[in-house]
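The values are calculated or read from the model by the stated rules, or taken from the named source; none is laboratory data. A quick note: this is a predicted structure, and the numbers were derived from the prediction, not measured. Positions of Cβ are backbone-derived with ideal geometry, glycine not excepted, and every protein chain shown enters the neighbour counts.
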Amino acid sequence: MKKVRNCFCLLLLSSAAWATPLGSSARTVIPSDVQQIISVDYRALRNSETAQVLKEQVLPESLKQFEGALKSVGINPEKDVEQLTFASYRSGRQGVRIVGVAQGFFPTKTVLRKMRLNKVKPVKYRDAFTYPMPGGMQMTFLDDSTLLFGDMGALKGALDARDGFASSLDSNQQIADMIGSVDSGMVWSVLDQQGTQNMMRSALGDASRLADYETVKKRLLGSRYTMNFSNGVAFDLDVVTSDSMTATTLSSLVRAGVLYRKMTANATEKMALESVTVNSDSSNLQLHFRTDDKKFQALLHSELFAAVSK
């Protein structure tokens, strides 16, 4: 779980995901106390060489296991899966749990028939039938085009949200608002307040030790990003703060962090950092990164990228 969280937390070249707006079935199974949402649009992966290279470089082990698990039950992730969404949510004393939602065109009847032939017995949880997958995961079909998966505890929490026994995503107005401002993009992601505070501390490195960061940390409310591969690589991050003064102070700290990284960067990394612009707009910190495919792919093999995507 830690690796999945870290993959999407860091400032510049975090483990990006490719996504489209969440479907209604996916929204209903994400609990309200969500920490982050990561979506992967497999159609975009197939259409972008750079996206494919990035996917192979930073693919979380859990995603590799899931792709293998899908194949084991007769689903081809490269052909059948249109969108893959990971959501981490806080579950009281159980800590952070992670559920995944795969959307696409699944041979549902064939998959279930194969399960029966292999004498795989489902476990019933209210009206849902869950089936074991490799790696200790469970899965259940929400409908013919939506598959929910995760460990049993995470799955039950998601189904509780869907069935009205717990609050779901749409009752978390702050996260819902952030999703609404980015989910029309080719790539989008959101992170809650606590996750954003941790992300910025990691991303700033030594600059986070400045007294100014401790002052603004509690005023960070959340973050969101979009990414586009249609013309090179474009990455846009917004950190939502409580007021314009906080956003201005944070932008100064981020510029200091970029300057510090330049001091130890090699030529490829420095070129990438030169492509970063930081400013503030009202109560939002805004970071923009632009580069071409060739330079970005070179950056994937740099020590800087390894440091921020581990």
Revision key, fill the gap. Checked the range 230-255 for anything among the small types (Gly, Ala, Ser) and either in a loop (DSSP other than H, G, I, E, B) or buried (at least 19 other Cβ atoms within 10 Å of the Cβ) (or both); matches are Ser230, Gly232, Ser242, Ala247, Ser251
Check your understanding: Is it true that Ala265 is in contact with a helix residue (DSSP H, G or I) (Cβ under 7 Å, 6 or more places away or on another chain) and farther than 28 Å from Phe86 by Cβ?
Key -> yes
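I'm trying to understand the selection: among the residues of the range 105-131, which are surrounded by 13 or more Cβ atoms within 10 Å (Cβ to Cβ), at pLDDT below 90 and either of a type in the set (Val, Ile, Thr) or in a strand (DSSP E or B) (or both)?
Thr108, Val111, Val120
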**Study point:** Which numbered condition Gln194 fails, given (1) surrounded by 15 or more Cβ atoms within 10 Å (Cβ to Cβ); (2) touching a residue at least 24 places away in the same chain (Cβ under 8 Å); (3) under 30 Å from Lys262 (Cα atoms); (4) not charged (D, E, K, R)
**Key:** (1)
Study note, to complete from the structure: Ser145 fails exactly one of (1) touching a helix residue (DSSP H, G or I) at 6+ places or on another chain (Cβ under 7 Å); (2) in the same structural domain as Gly92 (by TED's automatic domain parsing); (3) hydroxyl-bearing (Ser, Thr, Tyr), namely (1)
